[in-house]
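Participant: My structure is below; once you've seen it, I'll send some questions.
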Amino acid sequence: MLTIFTTAKPFRGHIGIIQRNALKSWTLLHPDVEIILFGDDEGAAGVCAEYGLRHESHCERNEHGTKRLDYIFDRAQEIARHDILCYSNCDIILMADFCTAARKVGAKHPQFLMVGRRWDTDITDPVNFSAGDWQSDVIRRAIVANHQQTECYIDYFAFSRGLYLRKIPPLVIGRVFWDNWLIWCATGLGVPVVDASAVVLAVHQNHDYEYHPQGKLGVWNDEQAQRNLQLGGGWDHLRNMLDATEVLRLDGLKPNWISYWLTFKRCIAWAGRFLRFEVWNPILFFFLDITRPIRSALGLRSTAIRRSREKV
């Protein structure tokens, strides 16, 4: 069926509540869903024992103690019981529509990446999962909040086993840019990327960023965020859900024509840079070099022209 893997922050306070909500919702997706929680954070072992999750307490970290994405993805692909995996941030409630979508995409494509936009929702208390209508209640709260995030916020990645195996640089979780890099990697490999936003209502439980001394600003701009950008190859290696090659709708998979337009624009921009730096600039500098003696004799060198203008 499906293996979902994640990592969490310490299970205390509000973040502990919403992480438990997310994990519990995943256990109810299907009897054969496997869930792997990485990390030895406070409370992780107890939650795994309570919910019957697989606990991988060891997690490679960088020199700052931040968890490494490459280790988590590689290890998950090595040990997962199933051939369809999903990394989800540990604050996302997933429901029946998610499994239906993953099943449809997996039946169509042997290799794929499925992503989707999230719905930001204020949830401060434990969800009553014993109630038969708990999904309806969570959906209602998300729709009332009416805040579906933009295509740049990517919180779950369902994909075929092996897609990312030993391909991810040592990016870290808890900072930005790694999610956009994962989409770029899939598109670069020629794997179908499916935007399931139209059929999957993934609920992001709002929270603060107190785990970082500078809050949300630090998550986006600190040294580790910038290192993620550098390790990922820079701005040219970032994509979002508009770059998905297909969209999943109620009536099935459809081509995403926006992605073709974006690809065309990038090709034009690349061609422009190539012409400027590889063709036009060399010709210009060659011309300037061979005409320098004449221009100097006529007083047409740029420094002379600048001085004459200053005198005027």
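Participant: Report yes if GLU42 is under 22 Å from GLY13 (Cα atoms), in a helix (DSSP H, G or I) and not β-branched (Val, Ile, Thr), otherwise no. Working first, answer last.
Facilitator: Details: under 22 Å from GLY13 (Cα atoms): yes; in a helix (DSSP H, G or I): no; not β-branched (Val, Ile, Thr): yes.
For GLU42, the condition - under 22 Å from GLY13 (Cα atoms), in a helix (DSSP H, G or I) and not β-branched (Val, Ile, Thr) - is not met.
Participant: Residue by residue through the stretch 97-137, note down the ones that are over 30 Å from TRP181 (Cα atoms) and of a type in the set (A, V, I, L, M). Break it down into steps so the answer makes sense when it comes.
Facilitator: Going residue by residue through the stretch 97-137, those that are over 30 Å from TRP181 (Cα atoms) are 124-137.
If the condition is that a residue be over 30 Å from TRP181 (Cα atoms) and of a type in the set (A, V, I, L, M), then VAL127, ALA131 are the ones that fit.
Every residue, every condition in (1) closer than 24 Å to THR150 by Cα; (2) modelled with pLDDT under 90; (3) touching a helix residue (DSSP H, G or I) at 6+ places or on another chain (Cβ under 8 Å), yes or no:
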{"site": "HIS204", "(1), (2), (3)": "yes, no, no"}
{"site": "ASP208", "(1), (2), (3)": "yes, yes, yes"}
{"site": "LEU231", "(1), (2), (3)": "no, no, no"}
{"site": "TRP261", "(1), (2), (3)": "yes, yes, no"}
{"site": "ILE268", "(1), (2), (3)": "no, yes, no"}
{"site": "PHE274", "(1), (2), (3)": "no, yes, no"}
{"site": "ASP289", "(1), (2), (3)": "no, yes, no"}
{"site": "ARG306", "(1), (2), (3)": "no, yes, no"}
{"site": "GLU310", "(1), (2), (3)": "no, yes, no"}
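Participant: Just to be sure before I move on: is GLU34 of a type in the set (Asp, Glu) and in a loop (DSSP other than H, G, I, E, B) in the structure I sent? Show your work before the answer.
Facilitator: Working: of a type in the set (Asp, Glu): yes; in a loop (DSSP other than H, G, I, E, B): no.
Judged against the criteria, GLU34 is not a match.
Participant: If I filter the stretch 68-76 for residues that are assigned by TED's automatic domain parsing to the domain that holds LEU163, of a type in the set (Gly, Ala, Ser) and within 26 Å of GLU223 (Cβ to Cβ), do I get at least one hit? Steps first, please.
Facilitator: Kept after step one, since they are assigned by TED's automatic domain parsing to the domain that holds LEU163, are these residues of the stretch 68-76: 68-76.
The next check asks that each one be of a type in the set (Gly, Ala, Ser); those that pass are 76.
Okay, now just the ones that are also within 26 Å of GLU223 (Cβ to Cβ), so none.
No; the residues of the stretch 68-76 include none that is assigned by TED's automatic domain parsing to the domain that holds LEU163, of a type in the set (Gly, Ala, Ser) and within 26 Å of GLU223 (Cβ to Cβ).
Participant: Follow-up question, since we're still on this one. Scanning for something touching a Phe, Trp or Tyr at 6+ places or on another chain (Cβ under 8 Å) and farther than 30 Å from ASN228 by Cα, does the stretch 70-87 turn up at least one residue?
Facilitator: Looking for residues that are touching a Phe, Trp or Tyr at 6+ places or on another chain (Cβ under 8 Å) and farther than 30 Å from ASN228 by Cα, one finds none in the stretch 70-87, hence no.
Participant: Let me ask another. Among the residues of the stretch 189-222, what is the count of those that are without any contact (Cβ under 8 Å) to a residue 24 or more places away in the chain and not in a loop (DSSP other than H, G, I, E, B)?
Facilitator: The number of residues fulfilling the criteria is 5.
The values are calculated or read from the model by the stated rules, or taken from the named source; none is laboratory data. The structure presented is a predicted model; accordingly, all values stated were derived computationally and were not measured. For neighbour counting, all protein chains shown are included, and Cβ atoms are generated from backbone atoms with ideal geometry for every residue, glycine included.
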